[in-house]
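Engineer: Dropping a structure here in structure tokens format, bear with me for questions.
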Amino acid sequence: MNRKKIISAVIALLLLTACSSDNGSGKEEKASEQPAQTQEVIQIKESLDKYTAYLKNYVGRNCASIGYESLGGDRNDEIGNGYIHLIMITEDGTYAGIDDESLKDYVVVAQSYAPNTEIKFIYETDSEGKEYDSLIEWQNIEEVVLKVKKVGSNEKTTNKGMTPINIPADKYTAYVKDYVGRNLANCGYVSLGGEYRDEYAATNILLTLITDDGSYIDLEDSESLQNYYVTAQNPSPNTEIRFEYETDSNGKEYSFTRWESLTEIELYVTSLGTAGTSSATDQDTGASDDLTDSFNDAKNDLMAVGSEITGELAGTAKDALGELLPETAQEPQSSEPTQQEAATVSSADSAGYEAIYNDYVQRLRNATPLLISEYNSEKQSNTEGISGLAKILNNKIEKQAELLNEGIGELAKYYFSNSSGSYDEYEEWADKLYDVYMEEADKLYDVYMESV
């Protein structure tokens with residue numbers, strides 16, 4: 001594996017983003033029937049312990065004065081020992097931006113959760129059950145929607161996009177967000193697998209985009225996303241989502257899910273057109289735009305390198321088969337089995353492949369929380385700054401990659417020794433295992449991005 005390539009790509013990405021500022025995040029509930037700006041002074045309660053915090057009052061504040069632009073491409077605000085995503089939406093669906101320069105033009109006129117809404121935290125624990133001081137496993141509110149308008153504007157604002165979302169009572173439940181009226185760039189994020197997804201509790205859910213004219217949306221092009229806004233969604237806001245978490249051999253729950261009742265949300269979107277651009281897209285922000293472009297280019301390079309390396313790794317066992325198998329075993333046999341024989345062989349093969357697949361899926365998923373714990377522990381003694389964190393990340397992902405390679409090797413051995421010789425069936429199972437590896441690598445990458 002070309003370790004240097006992925007490390008250098010990660011370092012290049014982070015050096016480009018090191019110029020950005022970083023602080024915290026925020027969230028809120030309940031919008032009035034007719035959002036209106038107010039200068040009301042609201043005293044925010046003081047937290048009595050680390051398990052509770054109270055939401056701030058954002059109404060009337062200039063958007064550039066709240067929160068910070070994170071390296072992950074969000075506007076966040078600190079809340080207790082955690083952080084919250086600030087989702088800023090305009091009445092006409094244009095993109096307000098997440099950087100200070102763009103947000104200077106906007107003021108908050110309403111928020112989706114009321115000031116002093118209680119935010120509860122559950123903390124990660126170590127192998128002995130002791131809580132970490134500041135590592136959050138779950139919080140009941142993860143984002144607050146802020147309705148914003150241009151400073152000095154007399155435009156009327158409505159309740160569109162401000163549906164009060166139910167607050168879950170525990171980590172086993174979440175509720176579908178209100179996406180209608182949001183600019184598409186404010187709905188989710190592009191995963192390492194190239195899909196548009198949004199975070200819900202300890203997992204993420206696929207956002208399927210459906211344009212009104214059938215046009216293609218390039219997810220890697222931020223301006224393409226900013227040119228659309230959501231007009232409808234399926235399922236509706238406040239639809240309940242239930243979760244089950246992975247457990248270890250002692251029944252202790254990991255901090256990631258093994259099942260969720262909802263895996264996909266459809267978003268129906270329409271183009272803003274050339275007239276629907278905001279200050280974030282039609283102003284020349286100079287160095288800020290250059291930095292954003294550089295960040296996106298570096299991120300794409302990193303994803304490409306990771307895909308290239310893991311793709312080569314996943315193909316190792318397949319390529320080796322060309323040298324191990326006799327020529328007669330590499331090509332389909334000329335004499336075909338009867339229909340009954342074929343069905344019996346296929347069933348036996350699938351059972352063998354599935355057993356190997358299930359075994360290594362479990363190994364990959366069990367390894368993830370341990371690798372996350374190792375990363376969090378090793379980063380404490382890191383003395384090399386961003387490049388040091390990148391090396392630690394690479395080391396952890398490489399351990400997952402070794403498990404992937406081992407699993408594909410076992411599938412290859414079965415193909416060579418026990419199967420009917422169907423390479424397509426072997427390849428299908430190998431590809432399925434590779435997909436699980438990518439999901440787990442995504443979780444490691446997310447922890448890494450939070451730490452930088």
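Read the figures in this text as sums done on the coordinates, not as results from a lab. What you are looking at is a predicted structure, and each value in this text was computed from that prediction instead of being measured. Ideal geometry is used to build each Cβ from the backbone, glycine not excepted, and the neighbour counts take in all protein chains shown.
Engineer: What is the range 100-227 by shape, rounded, prolate or oblate, if you read a ≥ b ≥ c off the alpha carbon gyration tensor as root eigenvalues and call it rounded for a/c under 1.5, prolate for a/b larger than b/c, and oblate otherwise?
Structural biologist: Since a/c reaches 1.5 but b/c is at least a/b, the shape of the range 100-227 is classed as oblate.
Engineer: Of Lys399/Lys443; Lys171/Lys396; Lys252/Lys396, which sit over 19 Å apart, Cα to Cα? Please report the intermediate quantities before stating the final value.
Structural biologist: Numbers: Lys399/Lys443 14 Å; Lys171/Lys396 27 Å; Lys252/Lys396 22 Å.
Table pairs above 19 Å Cα-Cα are Lys171/Lys396; Lys252/Lys396.
Engineer: Which of Leu389, Tyr375, Leu403 sits farthest toward the positive end of the charge dipole of the range 363-404, with +1 on the Cβ of Lys and Arg and -1 on the Cβ of Asp and Glu?
Structural biologist: Of the options given, the answer is Leu403.
Engineer: Here's something else I'd like to know. For a quick check: sort Ile42, Ile392 by the number of other beta carbons within 10 angstrom, fewest at the front.
Structural biologist: Working: Ile42 12, Ile392 20.
Arranged by neighbour count, lowest to highest, Ile42, Ile392 become Ile42, Ile392.
Engineer: Let me ask something additional. Using a 10 Å cut-off around each Cβ, can you sort Leu206, Leu444 from fewest to most neighbouring Cβ atoms? Spell out each step's value before the answer.
Structural biologist: On the way: Leu206 16, Leu444 20.
Lowest to highest Cβ neighbour count: Leu206, Leu444.
Engineer: Among 362-371, 212-221, what's the highest-first ranking by average C-beta atoms within 10 angstrom per residue?
Structural biologist: Sorting 362-371, 212-221 by mean packing, highest first, produces 362-371, 212-221.
Engineer: Using alpha-carbon positions, what is the distance between the centroids of the range 356-378 and the range 237-259, in Å?
Structural biologist: Value for the Cα centre distance between the two parts: 16 Å.
Engineer: A further question follows. Find, among the trypsin sites (Lys or Arg not before Pro) in the range 148-189, those assigned to loop by DSSP (not H, G, I, E, B) with at most 12 other beta-carbon atoms within 10 angstrom. Don't skip to the answer; put the middle values down first.
Structural biologist: Working: sites: Lys149, Lys150, Lys156, Lys160, Lys171, Lys177, Arg182; in loops: Lys156, Lys160, Lys171, Lys177, Arg182.
The qualifying sites are Lys156.
Engineer: What order do you get for Thr383, Thr90, Thr52 when you list them from fewest to most C-beta neighbours inside 10 Å?
Structural biologist: Ranking Thr383, Thr90, Thr52 by Cβ neighbours within 10 Å, fewest first, gives Thr383, Thr52, Thr90.
Engineer: Using a cut-off of 11 Å between beta-carbons, work out the net charge of the residues near Tyr132 (Lys and Arg +1, Asp and Glu -1, Tyr132 not included).
Structural biologist: Taking every other residue near Tyr132 into account, the sum is -3.
Engineer: Moving on. Could you give me the ³J(HN,Hα) list for the range 409-416, computed from phi with Karplus coefficients 6.51, -1.76, 1.60 and θ = phi - 60°, whole Hz, x at Gly and Pro?
Structural biologist: Couplings: x, 5, 4, 5, 4, 5, 4, 6 Hz.
Engineer: Right, something else. Amide H to amide H, which residues 5 or more places from Ala110 or on other chains are under 5 Å from it, using H placed in the peptide plane?
Structural biologist: Hits under the 5 Å cutoff: Lys147.
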